[in-house]
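Presented below is the structure to which this report refers.
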Amino acid sequence: MNWPHKDLIAIQDLTSEEIHTILDMSKSFKEISKRDIKKVPALRGKTVVLLFYEASTRTRLSFELAAKRLSADTMALSASGSSFAKGETIMDAALNIMAMSPDCIVIRYPYAGLPKKLAQELPCSIINAGDGTHEHPSQALLDMYSMQEHFGKLDGLHVAIVGDILHSRVARSNIYGLKKVGAHVTVVAPKTFLPVGVETWGVNIATAFDPVVSEADVIMMLRVQKERIHEQYFSGEREYAYFYGLNKKRVDKMKPDAIIMHPGPMNRGVEITHDAADGSRSIILNQVENGVAVRMTLLYLSLGGNVNVD
Amino acid sequence: MWIKGGRLIDPANNRDEQADILISDGRIEDIRPTGGLTPSGEEIIDAKGLWVLPGLIDMHAHLREPGYEYKEDIASGSQAAAAGGITTVVCMANTEPVNDNPSVTQYILKKASSAGMVRVLPVGAITKGQQGKELAEMGLMKEAGIIAVSDDGRPVESASIMRRALEYASTFSLPVISHCEDKNLAGSGVMNEGALSSQLGLAGIPSLTEEIMVSRDVLLSQYTGVPVHITHISTKGSLEIIRAAKLQGAKVTCDTTPHHLLLTEEGVRTYNANYKMNPPLRNEADRHALIEGVRMNLIDCIATDHAPHARDEKDLDFDLAPFGIIGFQTLLPALMKLHLDFDIDFSQLLACVTKNPAKVLGIEGGKLSPGSRADVTIFDPDAVWTLTEEMIFSKSRNTPFIGWTFTGKVVRTLVEGRTVYSTD
């Protein structure tokens with residue numbers, strides 16, 4: 001069976017079957033990373049360009065490692081030091097890169113919409129590694145993979161996503177994906193961090209964290225950016241941590257098998273304390289590990305690999 | 001010169017009949033029922049099967065000169081207007097330098113005169129540099145030729161200064177045109193705020209950004225007794241506020257744009273910045289309210305807000321591209337589409353671009369009467385055509401209507417009896 005998508009722009013574009021296919025295939029790709037020789041020739045001769053116009057450590061390294069473990073050649077380009085900094089428009093930059101015939105461009109970009117436009121304009125595969133506040137599909141897939149790995153299922157899980165939903169592409173992609181696979185989602189945030197129209201997303205909406213803490217199977221904390229204080233979205237770190245931070249007291253109220261996730265980077269002491277981030281419930285580092293496997297699947301499928309589920 | 005055999009539609013004179021027009025010395029000399037004999041030797045324009053309309057008045061446009069000639073200049077804008085059947089263009093003050101003093105006004109009028117196409121009527125700034133702080137030289141600008149004042153896209157933030165502006169402008173009998181937007185509330189928004197903006201990951205501009213300022217300006221107008229014209233209203237809520245004010249007898253008038261009548265925020269799904277304008281495209285409920293507002297005469301005028309931007313500016317990300325859409329050549333076809341799709345009387349739509357703006361601005365034109373300016377637009381109501389980039393006379397091509405098929409096309413435009421555009 002062939003994978004029907006040239007690109008991966010948004011979780012909104014995937015069916016639940018396709019999500020399950022990605023998660024299932026990622027199991028075998030994860031196995032590769034545990035081998036002594038962590039490399040297979042699946043994408044030998046393919047070129048993957050990593051175009052990162054916004055700061056990123058985890059996602060860029062994860063994609064790069066994924067491509068290398070599949071034997072693809074990689075080129076990385078970041079905003080500083082590229083011609084973007086010299087004022088070249090991103091479309092020009094993309095067309096110039098295209099002239100070098102890459103097979104895939106993985107793009108991270110500060111504004112919504114560019115990956116979709118590139119996918120329409122360019123013949124190569126485009127994988128969205130996060131565009132503005134729109135979507136971050138590979139993050140949502142690795143999050144779902146990690147939840148499934150822990151619970152053995154996604155259907156019926158109750159996932160609480162806590163924090164700046166308004167500005168979070170991770171929250172959006174997770175909500176779209178989790179809804180598709182039958183999970184229940186509760187968003188927890190002060191009203192300033194709830195997007196207009198959130199009531200149409202089919203999620204539970206809570207402004208108080210405590211009642212949700214004891215109900216959820218998964219508590220996913222979002223990074224809260226300090227500049228949002230200056231933009232008057234909240235009053236300060238102390239009050240935020242008090243009402244929306246995940247601390248020892250709240251961890252102790254969680255369901256016995258409930259887990260803690262965070263897409264990183266964390267603001268320790270603001271949305272999450274050391275006890276929560278480093279404790280036994282935290283699967284934050286598993287998320288990072290699984291990210292490589294899921295991205296191997298995404299590169300493999302986007303670059304013409306066959307759907308291969310055991 | 002005679003225009004013979006056409007269907008003459010003129011809301012100002014309540015006329016819709018077959019008639020011939022005699023033009024001499026740039027003025028309409030006579031209008032007679034079709035069929036009379038024509039003295040030999042007269043030039044004749046055959047308008048059989050065509051509609052003969054008063055030349056259109058576009059009361060809100062940006063011609064970009066001086067300062068932004070790479071987007072548009074007065075000559076190219078005049079040509080595009082002529083091709084759209086627009087014989088009077090009212091141009092906003094946000095040039096560089098701003099039209100906040102009589103020298104800039106004179107410069108614009110001189111350029112318009114040498115372009116020699118359509119009548120260009122400048123709007124002066126309300127405040128110096130459109131900074132919202134000090135009143136501009138409205139009286140001197142009026143002597144130089146402005147016909148109204150507006151800070152348009154940089155609306156006067158201070159209610160106190162807006163109050164004084166209304167009082168001061170009325171001293172010189174200058175209409176005040178207000179672009180209603182609370183810039184603080186709009187923040188970094190780039191599209192209508194709602195479920196769609198949240199889904200697309202684009203910052204939203206709530207409807208009340210506009211409605212708060214409409215309320216303020218309506219109240220200021222009622223308090224001072226000075227009329228105010230609210231330009232390009234885009235929301236159902238604005239219309240409700242204006243409806244209530246009109247019922248109370250307030251001297252408030254308003255316009256909306258063809259794009260707010262024909263398009264919604266759905267277009268933004270493409271992330272194509274040609275769908276980015278200010279006020280932003282709203283939702284279907286707003287659009288229908290505006291259409292009904294036109295039908296019920298609550299909306300007085302329709303204006304293009306013609307806002308040219310260069311291609312490299314509009315090729316930027318949706319977040320970064322400038323706001324604006326061009327509109328001269330699609331104005332009349334858009335009205336025709338509203339007529340056909342929503343069964344609004346064409347004459348009523350035509351009034352929104354002829355008689356009504358002339359009245360709001362207190363200017364000559366917008367009618368076909370013996371003695372009036374021979375500004376005439378001849379329109380083929382049956383022509384079916386598709387807009388392509390090549391057809392656009394503007395220097396800029398920023399319109400999502402490219403590729404649309406319209407019914408009805410301007411075939412000839414006369415300004416003071418002189419043909420300034422013809423498809424022949």
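The values are calculated or read from the model by the stated rules, or taken from the named source; none is laboratory data. Only a predicted model underlies this, so the values are computations on that prediction, with no experimental measurement involved. Cβ sites come from the backbone with ideal geometry, for glycine too, and all protein chains shown count toward neighbours.
What to note about this one:
- Scanning segment B:195-210 for residues that are more than 8 Å from chain A (Cβ to nearest Cβ), assigned to a helix (DSSP H, G or I) and in contact with a helix residue (DSSP H, G or I) (Cβ under 6 Å, 6 or more places away or on another chain) turns up B:209, B:210.
- Single residue of A:194, A:142 found to be out of contact with any strand residue (DSSP E or B) (no Cβ under 7 Å at 6 or more places or on another chain) and either crowded, with 24+ Cβ neighbours inside 10 Å or within 13 Å of chain B (Cβ to nearest Cβ) (or both): A:142
- Whichever residue in segment B:181-194 is at the interface with chain A (Cβ under 9 Å from one of its Cβ atoms) and in contact with an Asp or Glu (Cβ under 9 Å, 6 or more places away or on another chain) and, among such residues, is surrounded by the most Cβ atoms within 10 Å (Cβ to Cβ): B:194
Table: residues versus (1) closer than 29 Å to residue B:341 by Cβ; (2) in contact with an Asp or Glu (Cβ under 8 Å, 6 or more places away or on another chain); (3) free of Cβ contacts under 8 Å to residues at least 24 places away in the same chain.
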position: B:170; (1), (2), (3): no, no, no
position: B:179; (1), (2), (3): yes, yes, no
position: B:227; (1), (2), (3): no, no, no
position: B:231; (1), (2), (3): yes, yes, no
position: B:247; (1), (2), (3): yes, no, yes
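- Taken together, the residues in segment A:145-154 that are within 20 Å of residue A:303 (Cβ to Cβ) and either touching a strand residue (DSSP E or B) at 6+ places or on another chain (Cβ under 6 Å) or free of Cβ contacts under 8 Å to residues at least 40 places away in the same chain (or both) amount to 0.
- Residue selected from segment B:324-375 under the condition among the hydroxyl-bearing types (Ser, Thr, Tyr) and assigned to a loop (DSSP other than H, G, I, E, B), by the criterion nearest to residue B:58 (Cα to Cα): B:354
- Condition met for residue A:187 (in contact with a helix residue (DSSP H, G or I) (Cβ under 7 Å, 6 or more places away or on another chain), closer than 15 Å to residue A:261 by Cα and away from chain B (no Cβ under 14 Å)): no
- Some residue of segment A:162-172 being within 14 Å of chain B (Cβ to nearest Cβ), within 12 Å of the chain's Cα centre (by Cα) and closer than 24 Å to residue A:300 by Cβ: yes
- Condition broken by residue B:385, with the remaining ones in (1) in contact with a Leu (Cβ under 7 Å, 6 or more places away or on another chain); (2) closer than 17 Å to residue B:327 by Cα; (3) part of a strand (DSSP E or B) satisfied: (1)
- Picking from residues in segment B:81-126 that are touching a residue at least 40 places away in the same chain (Cβ under 8 Å) and of a type in the set (D, E, K, R), the one that is surrounded by the most Cβ atoms within 10 Å (Cβ to Cβ) is B:100.
- Close pairs from segment A:234-255: first at pLDDT 95 or above, partner surrounded by fewer than 16 Cβ atoms within 10 Å (Cβ to Cβ) and polar (S, T, N, Q), Cβ under 6 Å, at least 6 apart: A:253/A:214
- Restricting segment A:92-133 to residues that are part of a strand (DSSP E or B) and hydrophobic (A, V, I, L, M, F, W, C) leaves a set whose member that is farthest from residue A:45 (Cα to Cα) is A:129.
- Looking only at segment B:286-314, residues that are out of contact with any helix residue (DSSP H, G or I) (no Cβ under 6 Å at 6 or more places or on another chain) and either surrounded by fewer than 17 Cβ atoms within 10 Å (Cβ to Cβ) or within 14 Å of another protein chain (Cβ to nearest Cβ) (or both) come to 9 in all.
- Subset of segment A:67-120 (residues that are within 14 Å of another protein chain (Cβ to nearest Cβ) and modelled with pLDDT under 90): A:79, A:84, A:87, A:88, A:89, A:90, A:91, A:92, A:93, A:94, A:95
- Remark: residue A:151 falls outside the filter, which requires a residue to be aromatic (Phe, Trp, Tyr), over 18 Å from residue A:21 (Cβ atoms) and in contact with a Phe, Trp or Tyr (Cβ under 9 Å, 6 or more places away or on another chain).
- Residue in segment B:139-151 that is acidic (Asp, Glu) and either crowded, with 16+ Cβ neighbours inside 10 Å or in contact (Cβ under 8 Å) with a residue 60 or more places away in the chain (or both) present: yes
- Considering segment B:294-322, the residues that are among the hydrophobic types (A, V, I, L, M, F, W, C) and touching a residue at least 60 places away in the same chain (Cβ under 8 Å) include one that is nearest to residue B:276 (Cα to Cα), namely B:318.
- For segment A:260-310, the candidate set comprises residues that are among the hydroxyl-bearing types (Ser, Thr, Tyr) and part of a loop (DSSP other than H, G, I, E, B); within that set, the residue that is surrounded by the fewest Cβ atoms within 10 Å (Cβ to Cβ) is A:280.
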